């Protein structure tokens, strides 16, 4: 878990089981975020400027949750918004995820967390919680029966706890 220290320093201590679970989750998240095959006939200038993204919301509810409509009332504006922003947003999510994955490989005992790494952790945990919540069909945390002994709910609760300890350490 994350803890704050003297001078605003943040540390993270995870046991081997936690590191293994988080590594697997973040690897699966990386697989989910991988860019779909792009159109080889797409405009090369648009591809170079990162403006050749999809204009359709994903049929996967979890990806639709990570990359929602920018303008739910205007189909054309939403398509343009998605085309111009989704690839950069996807890359930012993957960058944060990769930062966390690299840090997980180096953690031994109690490790220091830089402010930049803390932000990557927040982004990565939040994205995983969004995906997991979508897969578990959690629409509102008040609807969750937290006493259920279901691995998905237990994982969701653990991620919520981990995120909470980081937020506490940052404040």
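For residue 53, all conditions in the list (1) at pLDDT 80 or above; (2) in contact with a helix residue (DSSP H, G or I) (Cβ under 6 Å, 6 or more places away or on another chain); (3) over 19 Å from residue 162 (Cβ atoms) hold save one; what is the number of the exception?
Condition not satisfied by residue 53: (1).
With the requirement that a residue be more than 16 Å from residue 124 (Cβ to Cβ) and outside any strand (DSSP E or B), what does region 1-19 give you? Steps first, please.
Here is the first cut: in region 1-19, the residues more than 16 Å from residue 124 (Cβ to Cβ) are 3-9, 11, 13, 15-17.
Listed by number, the residues that qualify are 5, 6, 7, 8, 9, 15, 16, 17.
Looking only at region 95-108, decide whether some residue is out of contact with any helix residue (DSSP H, G or I) (no Cβ under 8 Å at 6 or more places or on another chain) and surrounded by 16 or more Cβ atoms within 10 Å (Cβ to Cβ).
Checking region 95-108: not a single residue is out of contact with any helix residue (DSSP H, G or I) (no Cβ under 8 Å at 6 or more places or on another chain) and surrounded by 16 or more Cβ atoms within 10 Å (Cβ to Cβ).
The values are calculated or read from the model by the stated rules, or taken from the named source; none is laboratory data. Computed from a predicted structure; not experimentally measured. Ideal geometry is used to build each Cβ from the backbone, glycine not excepted, and the neighbour counts take in all protein chains shown.
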